[in-house]
2 protein chains.
Amino acid sequence: MEFAQIEAAAARLQGVAHRTPVLTSRTLDALAGCAVFLKCENLQRTGAFKIRGAYNALASLSDAQQRAGVITYSSGNHGQAVALAGKLLAIRALIVMPTTAPKVKVAAVKGYGGEVVTYDPARQEREEVAAQLQAERGLALVPPFNHPAVMAGQGTAALELVQDVPELDAVLAPCGGGGLLSGTAVATRHLRPGARVIGVEPEGAAKANLSVQAGRIVRVEHPQTKADGLMPKALGDLTFAVIREQVERMVTVNEEEIRSTLEFLWSRCKLVVEPSGAVGLAAVFHRKVAGLAGGRVGVILSGGNADIGAVADWFRAERA
Amino acid sequence: MEFAQIEAAAARLQGVAHRTPVLTSRTLDALAGCAVFLKCENLQRTGAFKIRGAYNALASLSDAQQRAGVITYSSGNHGQAVALAGKLLAIRALIVMPTTAPKVKVAAVKGYGGEVVTYDPARQEREEVAAQLQAERGLALVPPFNHPAVMAGQGTAALELVQDVPELDAVLAPCGGGGLLSGTAVATRHLRPGARVIGVEPEGAAKANLSVQAGRIVRVEHPQTKADGLMPKALGDLTFAVIREQVERMVTVNEEEIRSTLEFLWSRCKLVVEPSGAVGLAAVFHRKVAGLAGGRVGVILSGGNADIGAVADWFRAERA
């Protein structure tokens, strides 16, 4: 994926995705020991950066593909994003979700105009269900991360960040399947070649850390973390290739580091961020990367679709 | 209080208070039936608009007064704001707080550099404690709302809102003691004379509604609401005079209307707002003001210093 694709995505997203604000806090800077710039994708439409990649992918389809419709599998933010993108572009969107998905997530997808197809996760694999429907109905598959148009769309968040904040020394982004991180790397390194790009994962879902170390895609079969947006078992071949070449380093944060950072974001910055969205800032707070002190550091807060009660309980449990 | 005082306050606050972002949401607009512009004072320093008035008041003191120091009584956002303003201006700031104040609020004031003086609320009145210390030590009193420099400072939020969002038809603000609302009215009506200014109170703390109806200051001896920032028992003479003349109307919202609006702000807009800060939007959502439909409506979200666990419990209790 090339920078020109990110630029083209940015043009398509004009008037569709929010140009989300970049917020700062003196308290945060004092605690972090550097000037931190929070790119608030939790304030994005659908509550996460995912609309960028989903819309870009759907808008990039041929007329014939758009008429046929699209399919994806995701019970999370990508599913909602594909549903909304379909509605905005008048493209039929099928979202494959497990029968066990929370009602609120099913309702969110339907609220954005998506058609939900359920499967029994005890008996079926979501990829197989999607592949069968895709073949039967001639639908285009829009996977959650391993797709050039999806990766390019996600890169528009960092594009805006680097445009809006001059002279950044580093940009940190969470890594799930690597769509956001690979887009962030290509955008940042094109616009500001001297800036460092750092990817962050939970310790219990460190597939990209392990893959970069091993020099090949390593699977984590049983990821364990509250950061439920970062639980893909493996990077894709496309995202891995970009991360390996263009991300300076991968780091991990543990669950307590995520929790305390999330509590800071909610209680001091007044931002509802989901656990997955806080790992970039957690790495800054907990000094996981040498050389950031005194610098100008961009951090992508990737999403805000948290279960408020569950997060509040998490805060209380750790204080007790 | 005149518009020129608000302009002067805005100049003093440059580089001190954040020019807070104005956020929008298509989902919100669809539900409200008008274009809503959220002035996010929950993202202000100290988590509320109060730093505007406090800093302006302290910066307006004479050199001799600044050397002597200031005193205020507030266990809430104003106390924190005076503490921070004192720190920024190198003015000694005493904050009178009850012995029963939550430790977290005492810690917040001390964290901002304030000196805390406690009193026993069962035996003493906070105004008397403050007056005695003020006299003994020659301190300047910075009351929470009934003071021209405080009111002018609070008016800078609406000043920015009206400057940043062209052609507003109306501006809504919460009303506690009336400092924010009176400043909002003077700023809005000067810059955009055709715009309506509407004040909002909880039903259980409707002193301004009652006062405007009666044509005199009416006290509410036992205010009852979760919006704990809006619980002063009465307006001041200065705030009442401005509200009577320049606020088109006062409306009330009930606790369930506050709760559902707050839940929308947290879960959909991803903004941590305190109950007091949501009453303006609650009035829009629940159609308390005729004639807003289809218009451009500014709403001040006045603060975000919420107890996260308590708010999460409130959301759950109502769903159960």
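At a glance:
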{"item": "Residues located in region B:262-320, provided they are more than 14 Å from every other protein chain (Cβ to nearest Cβ) and either among the β-branched types (V, I, T) or crowded, with 24+ Cβ neighbours inside 10 Å (or both)", "result": "B:V279, B:G280, B:L281, B:A282, B:A283, B:V284, B:V289, B:V297, B:G298, B:V299, B:I300"}
{"item": "Test: residue in region A:231-250 that is open to solvent by less than 10 Å² (accessible area, probe 1.4 Å), farther than 15 Å from A:Q154 by Cα and touching a strand residue (DSSP E or B) at 6+ places or on another chain (Cβ under 8 Å)", "result": "no"}
{"item": "One residue from A:G114, A:G177, A:G155 being more than 21 Å from A:C40 (Cβ to Cβ) and assigned by TED's automatic domain parsing to the domain that holds A:A32", "result": "A:G177"}
{"item": "Where B:L235 falls short, out of the listed (1) closer than 28 Å to B:A149 by Cβ; (2) among the hydrophobic types (A, V, I, L, M, F, W, C); (3) not in a loop (DSSP other than H, G, I, E, B)", "result": "(3)"}
{"item": "Residue in region A:46-56 that is within 12 Å of another protein chain (Cβ to nearest Cβ), modelled with pLDDT of 95 or more and under 28 Å from B:V16 (Cβ atoms) present", "result": "no"}
{"item": "Unmet criterion (only one of (1) away from chain B (no Cβ under 14 Å); (2) within 30 Å of A:T27 (Cβ to Cβ)) for A:K233", "result": "(2)"}
{"item": "Yes/no for A:R52 being charged (D, E, K, R) and either in a strand (DSSP E or B) or within 19 Å of A:E274 (Cβ to Cβ) (or both)", "result": "yes"}
{"item": "Search result, residues across region B:76-99 that are outside any loop (DSSP other than H, G, I, E, B), farther than 18 Å from A:T27 by Cα and polar (S, T, N, Q)", "result": "none"}
{"item": "Flag for A:L133 being outside the structural domain of A:V70 (by TED's automatic domain parsing), surrounded by 14 or more Cβ atoms within 10 Å (Cβ to Cβ) and hydrophobic (A, V, I, L, M, F, W, C)", "result": "no"}
{"item": "One residue from B:G155, B:G194 being of a type outside the set (V, I, T) and open to solvent by less than 40 Å² (accessible area, probe 1.4 Å)", "result": "B:G155"}
{"item": "Qualifying residue in region A:63-77 (condition: within 14 Å of chain B (Cβ to nearest Cβ) and open to solvent by less than 10 Å² (accessible area, probe 1.4 Å))", "result": "no"}
{"item": "Among (1) farther than 24 Å from B:W266 by Cβ; (2) of a type in the set (K, R); (3) away from every other protein chain (no Cβ under 14 Å) - the single one A:K87 does not satisfy", "result": "(3)"}
{"item": "Residue match in region A:101-110 (condition: touching a Pro at 6+ places or on another chain (Cβ under 7 Å) and either assigned to a strand (DSSP E or B) or at pLDDT 90 or above (or both))", "result": "no"}
{"item": "Residue that is under 23 Å from the mean Cα position of the chain (by Cα), surrounded by fewer than 20 Cβ atoms within 10 Å (Cβ to Cβ) and not acidic (D, E), where the choices are B:G113, B:G86", "result": "B:G113"}
{"item": "Residue in region A:207-215 that is closer than 24 Å to A:G295 by Cβ, surrounded by fewer than 24 Cβ atoms within 10 Å (Cβ to Cβ) and in contact (Cβ under 8 Å) with a residue 24 or more places away in the chain present", "result": "yes"}
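The values are calculated or read from the model by the stated rules, or taken from the named source; none is laboratory data. Note that the structure is a prediction, hence the values are computed from the model and not measured. As a convention, Cβ positions derive from the backbone with ideal geometry for all residues, glycine included, and neighbour counts pool all protein chains shown. We work out accessible area using only protein heavy atoms, side chains counted, and drop any ligands, DNA or RNA first. Shrake-Rupley method; radii C 1.70, N 1.55, O 1.52, S 1.80 Å.
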